[in-house]
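Notes for the one structure printed next.
The values are calculated or read from the model by the stated rules, or taken from the named source; none is laboratory data. None of these values were measured; they are calculated from a predicted model. When we count neighbours, we look across all protein chains shown, and the Cβ atoms used for this are built from the backbone with ideal geometry, even at glycine. Calculation scope for accessible area: heavy atoms of the full protein, side chains included, ligands and nucleic acids excluded. Shrake-Rupley method; radii C 1.70, N 1.55, O 1.52, S 1.80 Å.
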Amino acid sequence: MPDNVALFATIILLLPMIYFLLAAPAFLLVKLDIPAVALLLRAMFSGYFLTVAIAGVIGTIAVAVTGRLGLAIGIGLIAAFAVSSRRWFLRQMDARLSDRDAGDADAVRRLRRLHWGGMLSNAVQLAAVVASINYIAVAP
């Protein structure tokens, strides 16, 4: 019999990750030197990290209450990574946007590299969560 709480916590954590996996590549098709597009990309990163952090905290608490502390620590680490990544990514994006507005021709390329890095970070986390579903779904 599967552990429903752990499975539910995993699904809640997967939803923003899958959304970001599908939404982020669309920004590869547009120029980031357009201010509105770059601000939308920044807002998407901010929302993604915030949503993963909130889902991770909820999942951590729910799983910890059921007594699966190892899984709670794993989900908590994902939430903590999202909090720290959000702070770092937004600071970097703001710096690149300021550089772009100041006339730095290389800032858009660095912003694009940051975008790729964020997508890679999400893909690695998503792969780790999906790979662990077989271990999460079983009863403790």
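Only the Cβ atoms of Lys and Arg (+1) and of Asp and Glu (-1) were treated as charged; on that basis the dipole of the range 19-106 about its Cα centre amounts to roughly 360 debye. What's the carbon and sulfur percent of the chain's accessible surface, probe 1.4 angstrom, rounded to a whole number? C and S atoms contribute 73 percent here. Taking a Cβ cut-off of under 14 Å around Ala53, the surrounding Lys, Arg, Asp and Glu residues balance to a net charge of +2, with basic ones at +1 and acidic ones at -1. Computed over the chain, the convex hull of the alpha-carbon atoms projects to a mean area of 7.9 nm². Gain on full extension, evaluated as 0.36 nm per residue between Ala43 and Ile73 minus their Cα-Cα distance, stands at 8.0 nm.
Distance from the alpha carbon centroid of the range 105-131 to that of the range 68-94 works out to 15 angstrom.
For the range 1-81, the equivalent ellipsoid built from the Cα gyration tensor has semi-axes of 32, 12, 8 Å, listed from largest to smallest. In plain terms, the chain from Val57 to Ala102 could stretch by 12.3 nm, reckoned as 0.36 nm per residue minus the Cα-Cα distance. In whole percents, the pair-distance distribution calculated for the range 61-140 from its alpha-carbon pairs, binned every 5 Å from zero, is 3, 13, 18, 17, 13, 10, 9, 7, 5, 3, 1, 0.
Looking at the chain, the accessible area is 54 square angstrom per residue; that uses a 1.4 Å probe and ignores ligands, DNA and RNA. Each Cα pair under 8 Å and six or more residues apart adds its separation to the average, and for the range 3-140 the resulting relative contact order is 37 percent.
A probe of 1.4 angstrom, applied to the heavy atoms of all protein chains, finds Asp33 with accessible area near 80 square angstrom. Loop-located trypsin sites (Lys or Arg not before Pro) in the range 1-98 (DSSP state other than H, G, I, E, B) with a sparse environment of at most 11 neighbouring Cβ atoms within 10 Å: Lys31. Residue order by solvent-accessible surface for Val130, Val52 is Val130, Val52, largest first, with ligands and nucleic acids left out and a 1.4 Å probe. Rg/Rh for the range 57-104 stands at 1.36; both radii use Cα atoms, and Rh follows the Kirkwood definition.
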